[in-house]
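Derivation of every value follows stated rules applied to the coordinates shown; laboratory data play no part. Since this is a predicted model, take the numbers as computed values, not measurements. Ideal geometry is used to build each Cβ from the backbone, glycine not excepted, and the neighbour counts take in all protein chains shown.
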Amino acid sequence: MRNLESVIGEPPITMISDSVAVTEHNINGGNLYGWLISCHGFWHNIGLIVPSFMFVMFLVVQAKKSFVKLSSGRSLVIIAYYGLLWVVSLFNLAWCLLQAWECTSARHTPWNILSLFTDAGMLFLEVSLVAFLLQGNHASGKEALTKTFVVSGLVVAFDTLLKAIYLYGFSVPLFIDDGESTSRVKWGLWVIHKLLLTAVYGVILFMYNSDWRERLPARPAFYKYAAIMFCLNVTASLACLLLTGHGASFGAWLYGVTIVCYHALYLPLLYVTFLADFFEEDALNLESVYYSEMKDAGFFDADWEL
């Protein structure tokens, strides 16, 4: 009887707010099907989760074989990148699985922290691979690894610090894409971020098509990687520019596509570009594979002309 009286005596506004909170919980956190439909849409979430989960399962299946290869290969660069790839892949999978946090106001703080760590890890892999490429054919051994990680660490630390200042100092919702945020500061920052990456990959492509290409590692797979990342960052820059003004609806859709492509496909692309040959090819065959790739890319055309 007392419970009934307490419910009847409760203010209507409180009852409505509690009902809204329950509904939000059911859509965004408590009901998996409702979250898949409501938070960014079904295909967006499936496009993120399935490839990320499959890649982590691939790493698990290949783990024993990879560890044996690493223990016999004695390559510090490959060992470091493989370990980083594992850590970042787990962070990225968690980020993809916990998309509901982005759509739940009560979870925005842990979502921002998770996004900061995930972005930092993926950017570290991205910058370190670019630094490795720019060191050219001499990028091997402990010295190259140390130089690469120092440069990458400084770049990522500055990027993460800047994002944290905007996020917590100026309350700019960098990682909340709810379709309602049209902050010019937010999208302007992302435009600068994407344009800088575009410029770096553009420089690598320019070097490959100039007389300076011999200063870079003689592997065409690296340049295909640079071309893919250049196109992705150009598209992301365009999407962020559209979100700063006219064309915001199309810009939001395009930005969502780039987010799915980056978080779902970047880590597999990095594995195929940088690590796959080491794990899959025998030592005797690896040199002939590199020679074939260089020959197909025209690295020996000048020798024939002479």
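Numerical summary
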| quantity | calculated |
| --- | --- |
| Cβ-defined net charge surrounding VAL156, 14 Å radius [Lys, Arg +1; Asp, Glu -1] | -2 |
| Mean-position separation - Cα centroids, the range 233-253 and the range 56-133, in angstrom | 27 Å |
| Stokes-Einstein translational diffusion, the range 197-288 - Kirkwood Rh over all Cα pairs, 0.692 mPa s, 37 °C, in µm²/s | 218 µm²/s |
| Loop GluC sites (Glu not before Pro), the range 142-233, which have at most 12 other Cβ atoms in a 10 Å radius of their Cβ (DSSP) | GLU180 |
| Whole-Hz ³J(HN,Hα) from phi, Karplus 6.51 cos²θ - 1.76 cosθ + 1.60, for the range 159-176, glycine and proline x | 4, 5, 4, 5, 5, 5, 5, 5, 6, 9, x, 10, 6, 8, x, 5, 10, 10 |
| Peptide ranges 269-277, 232-240 listed from the most packed, as the mean C-beta count within 10 angstrom indicates | 232-240, 269-277 |
| Extension gain (nm, one decimal) between LEU98 and LEU265, 0.36 nm per residue minus Cα-Cα | 58.3 nm |
